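The structure appears right after this line, and notes come after that.
The values are calculated or read from the model by the stated rules, or taken from the named source; none is laboratory data. Everything numeric in this text was worked out from a predicted model, so none of it was measured. Note that we place each Cβ from the backbone using ideal geometry, even for glycine, and neighbour counts take in every protein chain shown. Please note that ligands, DNA and RNA were not included when accessible areas were found on the heavy atoms of the full protein model with its side chains. Shrake-Rupley method; radii C 1.70, N 1.55, O 1.52, S 1.80 Å.
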Amino acid sequence: LSLIFLLSFAGYYQLNSADDLIKNKINSYGTIKEAGLWMNDNLDDSVIATRSQPQIKYYSGMDVIGIPPTEEEFEEWRQEYNPGYFMVSVFESHPQWSLSYGNKNNLSVVQAYATPDNQPILIIYKLK
């Protein structure tokens, strides 16, 4: 009887823990969705360079290209695909060069999202 009680209690605890974990993860990429919807409403029909390709393509309806491993390769892609925007976020891994690309090239920020304590989590730059 105590074994049944122990197994029931453990199962209930695991179920509650799993439920909480799932509920917390549901909106983990919510900012990507919000950014994609914002792009759909506010940007011209241009190509976006991002590491969140499937999500941004889906929510913005715009064409996307990835962000390659090197800045040199990206500059080649810029010539070929002519992206109008460049997006970096904490939701995907990015090559180190891409995190400072906007500031290094003095790009204009068209939209940014931050945590409640003002830490940037997603930035959309206008490419010149």
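Here is the figure for segment 72-103: residues that are of a type in the set (Asp, Glu) and closer than 14 Å to ARG51 by Cα total 1. Restricting segment 94-128 to residues that are free of Cβ contacts under 8 Å to residues at least 60 places away in the same chain and among the hydroxyl-bearing types (Ser, Thr, Tyr), the residue that is farthest from ARG78 (Cα to Cα) is THR115.
Does any residue of segment 76-84 turn out to be in contact (Cβ under 8 Å) with a residue 24 or more places away in the chain, open to solvent by 60 Å² or more (accessible area, probe 1.4 Å), on the phi < 0 side of the Ramachandran plot and out of contact with any Gly (no Cβ under 9 Å at 6 or more places or on another chain)?
Looking for residues that are in contact (Cβ under 8 Å) with a residue 24 or more places away in the chain, open to solvent by 60 Å² or more (accessible area, probe 1.4 Å), on the phi < 0 side of the Ramachandran plot and out of contact with any Gly (no Cβ under 9 Å at 6 or more places or on another chain), one finds at least one in segment 76-84, hence yes.
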